[in-house]
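The values are calculated or read from the model by the stated rules, or taken from the named source; none is laboratory data. Computed from a predicted model, the values in this text were never measured in an experiment. Quick reminder, even Gly has a Cβ in these numbers, built from the backbone with ideal geometry, and neighbours come from all protein chains shown. When the accessible area is computed, the model is the full protein with side chains, heavy atoms only, and any ligands, DNA or RNA have been set aside. Shrake-Rupley method; radii C 1.70, N 1.55, O 1.52, S 1.80 Å.
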Amino acid sequence: MADDRLIVALDFHDIDDVVALVAELGDSVSFYKVGMELFYSAGAEVVPFLKNHNKKVFLDLKLHDIPNTAAEGLCSLMFQGADILNVHASGGYTMMKTAVDRLHALAEKKGMPCPKLIAVTILTSINEEDWAGLGMQCTIREQVVRLAKLAKSAGMDGVVASPQEAAAIREACGPGFMIVTPGVRPAGASVDDQSRIATPAAALENGASHLVIGRPIRAAENPKAAAEMILKEMECVK
Ligand code: C5P
């Protein structure tokens, strides 16, 4: 049965593909992620469609701009009804704090539930070579933990990070902090363009609160069976 810890990534251009996958997965999946690919083509329809089907929605648009622009962008997105919104932590403390404060104030003023606000640390696709090219002087893990602590201090509800860094973040940021991990691959599944990956059970054991999984379900011959196998593995880690 559905487990809110599993978020299925709807990386489609076409709303018809969304309608088909949501129907196929049925009650097995309760939480979906809408990213830029889908939002830019079907944004106005897709979140209301998912909410009408009683699904939770992570609107993964990864805002990264000056504090006023990012915060006001999030305020516009709040009216979509998403349960989770996000920004890049590398936008800095002031951007994150402004976003948290404006979103909470607007939700209170409008009497609406405030979405959770989380920060992307370092993309799970970044490997050591990409990292070296960015000219950073610390390790990926050190930077991820630094950004997670910064996000927490700005009042963010959690972070997006690789499952390989979840344990270090959990230790640094404590219980209750959301750690949403893409880069999850069941044993034997294709790695695609992800780099810092783990299996569903290992991600949860490392302290992830939610798993974002796209291609291993979406591209499977039988997506429902693939989702149910992942849910079964997740059940073992409560
Ligand atoms: O298909 P796959 O399981 O790799 O999908 C992962 C999803 O998570 C994609 O929608 C991707 O944009 C998103 N994501 C990610 N790494 C991050 C943040 C989001 O892979 N750091």
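Some points to look at:
- Note: relative contact order over the range 6-235, using C-alpha pairs below 8 Å and six or more positions apart, is 18 percent.
- Here the range 95-161 is treated with +1 on each Lys and Arg Cβ and -1 on each Asp and Glu Cβ, and its dipole about the Cα centre works out to around 440 debye.
- Additional length obtainable on full extension of the chain from Asn54 to Lys238, 0.36 nm per residue less Cα span: 63.9 nm
- Highest-first packing order for the peptide set 133-141, 109-117, 190-198 is 190-198, 109-117, 133-141, based on the mean count of other beta carbon atoms within 10 Å.
- Rounded FRET efficiency, nearest 0.05, which uses the C-beta distance separating Ser125 from Asp16 and R0 of 35 Å: 0.80
- In the chain, helical runs assigned H by DSSP with n ≥ 4 each contribute -39500 (n - 2.57); averaged across all residues and rounded to the nearest 500, the mean residue ellipticity at 222 nm is -14000 deg cm²/dmol.
- Peptides 173-183, 72-82 ranked from most to least packed by the mean count of surrounding Cβ atoms within 10 Å: 173-183, 72-82.
- The chain - accessible surface per residue (Å², probe 1.4 Å): 45 Å²
- For Gln194, net neighbour charge (Lys/Arg +1, Asp/Glu -1) across residues whose Cβ lies under 12 Å away: +1
- Per-q log10 I(q)/I(0), the range 6-235, q = 0.12, 0.14, 0.17, 0.18 Å⁻¹ (Debye; single scatterer per alpha-carbon; no solvent): -0.64, -0.89, -1.30, -1.43
- Label zone at Ala132 (point 7 Å along Cα-to-Cβ), backbone N below 18 Å, the range 192-213: 195-196
- Distance between the pseudo-spin-label points of Asn222 and Thr69 (7 Å out from Cα toward the beta carbon): 4.9 nm.
- Over the range 105-238, volume per residue of the alpha carbon convex hull, in Å³: 138 Å³
- For the pair Glu205 and His104, a Förster radius of 41 Å applied to the C-beta separation gives a FRET efficiency near 0.80, rounded to the nearest 0.05.
- Taking the Cα centre of the chain as reference, the dipole from Cβ charges on Lys and Arg (+1) and Asp and Glu (-1) amounts to some 800 debye.
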